[in-house]
Amino acid sequence: MSDSTKAYPNGPVAAPRRVLLIEDEANIATAIAFILGRAGWRVSTHSDGATALDAIVRHAPDVVVLDVMLPGRSGFDVLAAIREGDRPDLPVMMLTAKGQTKDRERAEALGVSRFMTKPFSNQDLLDAVDGLIAPGRAVDDGR
Amino acid sequence: MATIGSIGLRIREQRLARGIRQAHLAAEVGISASYLNLIEHDRRPIGGRLLLQLAESLDLDPAGLSSGVDDDLLGRLRSAGAAQGLPPSSLATADELARRNPDWAQVIAAQSATIAAQARTIEALSDRLTHDPALAEAMHELLSTVSVVRSTASILAQTPEIDPNWLGRFHANLDADSRRLADGAEAVVGYLDRAAARGDDRLTPSEMVARFLDGHGHRFPTLEAEGPSAIPDIVSEITEPQARAMAAALLQGDAEDAARLPLDVVTATPEPDALLPLVAGEAAVVLRRLGVVDAARGLVVADASGAMIRRKPVAGFALPVIGAGCPLWPLYEALSQPGRPLVRVIEMPDGAQWVAHAVADLRQASAFGAAQGLHATMLLTRAVRSGSATPVGPGCRVCPREGCAARREPSILPA
């Protein structure tokens, strides 16, 4: 199991919103964590699909950013388990490099809150995560 | 507008520092005060003899005027920033970034070029993805790495005051991911090579000719030296008979152009307007010749249907490998006005501006009453940024411009 919570520069410290980033690529996790942390999110990272639900219980995030391809358990399976678990309304954004229609449809059928394809701009990512806890959030990135 | 440290601004600074009036300096070097004013505001390029004269008049080493940030690097940095949506005020600080961190400025510029190249690769391969799981997997890996590089490079470009520890970590990540990107690209190329060896690579004769021309940069020294007699030997490397015949016909045209505008003439006078009188005003000959001879220029030739029948790419101006070009290119405007030479300043999505010379000319008729072909030719020359330019793109499939009235199909690039 590999997860961590770190302070990232320039973010507000009072009552930050919490995001759990479930991503096994260390460098993309570093970049995303920096971007979100700088914008005031308290970022926890976790790299294993099999233990992702435990990490959600442990970190109690406001939002989850979930990669599709994870070791141990796919992002789709993790999403399905979230929707059947104790926090079915937890906002979840899925990240994938494939962006294929079938992936998007599968994620939407499982109840994803937002779907984003790589590569993305840092601002788009930040807007998307911010939008997850804003009213009237969109379902996908429109691609 | 002059940017910090631009050559125009340096001339202006040095002139003012010496208390020399603009009109006085202009008279000394034999140009008008208004032209010097344009140079000082980077609205006209400067180099060669005039730069030497100005340096002499200002009592400076010529390198003192031109030794700021490398203009090419500056252009690539601004393009990288524009591609990431940086506002003009941030783009204007590219010079400062390049001066303070020249090595990392090179890295950012190189990564941006890599991402642009990958976008073109994606275009060429996208049609195969649906049917080829192995290629889809390789592209998935490539896109993931591009994503990391893009995010990390953006952080570095947009966070001037970054903690040294984070800076070191991101630099290390960029280094590792750029290697991974290279490995991934190599894997995809290797996969395609193996597919070609299996006979999966079904190139048409025109695609074979395009590959042959690109492999030689569209320029053949023996054709320049020996004329049409060199053609059989040059095209002998093409094994497919139809492709070989097409290439031979194309080189015959190049040889005829070369006979009318010899290499030494074109090299000494690389301006389209100056060459026109030498070929009785046949603008297409001038554009083709300059496009073939000058590696820094791009060339596109289309037939009356708009299909591109020759593409000579140039760094910074992506030409689509598959499908048509941008409908806003002057190439297509020329097709609607045969015989009228056009010149337009156009701007690509990365902010780079180009001078596009274009003309459409009727091919020679074989008989009275016979159908006559029409070809449009466009020459692309990198321009110094000016105030106004027509926004264009590389072709709809790889163009990021949103809300373009001329768009005929969605872009495959991420929004």
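Quick test for you: out of B:Ala134, B:Ala176, B:Ala116, B:Ala172, pick the one residue that is at pLDDT 85 or above and more than 8 Å from chain A (Cβ to nearest Cβ). I'd like the intermediate steps shown before the answer.
Working: B:Ala134 fails: at pLDDT 85 or above; B:Ala176 fails: more than 8 Å from chain A (Cβ to nearest Cβ); B:Ala116 fails: at pLDDT 85 or above.
One residue alone meets the criteria, B:Ala172.
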- Query: If you go through the range B:356-415, how many residues are in contact with a His (Cβ under 6 Å, 6 or more places away or on another chain) and part of a loop (DSSP other than H, G, I, E, B)?
  - Reply: 0
- Note on the structure: Taking the range B:239-270 and keeping only residues that are assigned to a loop (DSSP other than H, G, I, E, B) and surrounded by fewer than 18 Cβ atoms within 10 Å (Cβ to Cβ), one is left with B:Thr239, B:Glu240, B:Pro262, B:Thr269, B:Pro270
- Query: In the range A:67-124, what count of residues is obtained for those that are under 20 Å from A:Phe34 (Cα atoms) and acidic (Asp, Glu)?
  - Reply: 2
- From the set of residues in the range A:113-135 that are surrounded by fewer than 20 Cβ atoms within 10 Å (Cβ to Cβ) and small (Gly, Ala, Ser), which is nearest to the other protein chains (Cβ to nearest Cβ)? A:Ser121
- Task: Could you check how many residues of the range B:146-169 are at the interface with chain A (Cβ under 9 Å from one of its Cβ atoms) and under 30 Å from the mean Cα position of the chain (by Cα)?
- Result: 11
- Message: Exactly one condition in (1) within 14 Å of the chain's Cα centre (by Cα); (2) surrounded by 20 or more Cβ atoms within 10 Å (Cβ to Cβ); (3) over 26 Å from B:Ile7 (Cα atoms) is false for B:Pro341; which is it?
- Response: (1)
- Provide a single number: the residues in the range A:83-97 that are crowded, with 23+ Cβ neighbours inside 10 Å and within 16 Å of A:Ile133 (Cβ to Cβ). 2
- Message: Testing B:Leu374 on (1) surrounded by 19 or more Cβ atoms within 10 Å (Cβ to Cβ); (2) over 30 Å from B:Leu77 (Cα atoms), one condition comes back false. Which one is that?
- Response: (1)
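Any residue at all in the range B:271-287 that's part of a helix (DSSP H, G or I), closer than 30 Å to B:Ala119 by Cβ, within 20 Å of the chain's Cα centre (by Cα) and touching a residue at least 60 places away in the same chain (Cβ under 8 Å)?
Of all residues in the range B:271-287, those part of a helix (DSSP H, G or I) come to B:272-279, B:283-287.
When the remaining residues are screened for being closer than 30 Å to B:Ala119 by Cβ, the result is B:287.
From what's left, within 20 Å of the chain's Cα centre (by Cα): B:287.
Narrowing the set further to residues that are touching a residue at least 60 places away in the same chain (Cβ under 8 Å) leaves B:287.
Checked against the condition, which is being part of a helix (DSSP H, G or I), closer than 30 Å to B:Ala119 by Cβ, within 20 Å of the chain's Cα centre (by Cα) and touching a residue at least 60 places away in the same chain (Cβ under 8 Å), the range B:271-287 yields at least one hit.
Matching residues to (1) within 20 Å of A:Asn122 (Cβ to Cβ); (2) touching a residue at least 12 places away in the same chain (Cβ under 8 Å); (3) in contact with an Asp or Glu (Cβ under 6 Å, 6 or more places away or on another chain):
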| residue | (1), (2), (3) |
| --- | --- |
| A:Glu23 | yes, yes, yes |
| A:Ile32 | yes, yes, no |
| A:Ile35 | yes, yes, no |
| A:Gly49 | no, yes, no |
| A:Ala80 | no, yes, no |
| A:Pro91 | yes, yes, no |
- Message: Take B:Ile234 and tell me if it is assigned to a helix (DSSP H, G or I), in contact with a Phe, Trp or Tyr (Cβ under 8 Å, 6 or more places away or on another chain) and either of a type outside the set (Ser, Thr, Tyr) or over 28 Å from B:Leu342 (Cα atoms) (or both).
- Response: yes
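The values are calculated or read from the model by the stated rules, or taken from the named source; none is laboratory data. The model shown is predicted, which means the values in this text are computed figures rather than measured ones. Cβ atoms come from the backbone with ideal geometry, glycine included; neighbour counts cover every protein chain shown.
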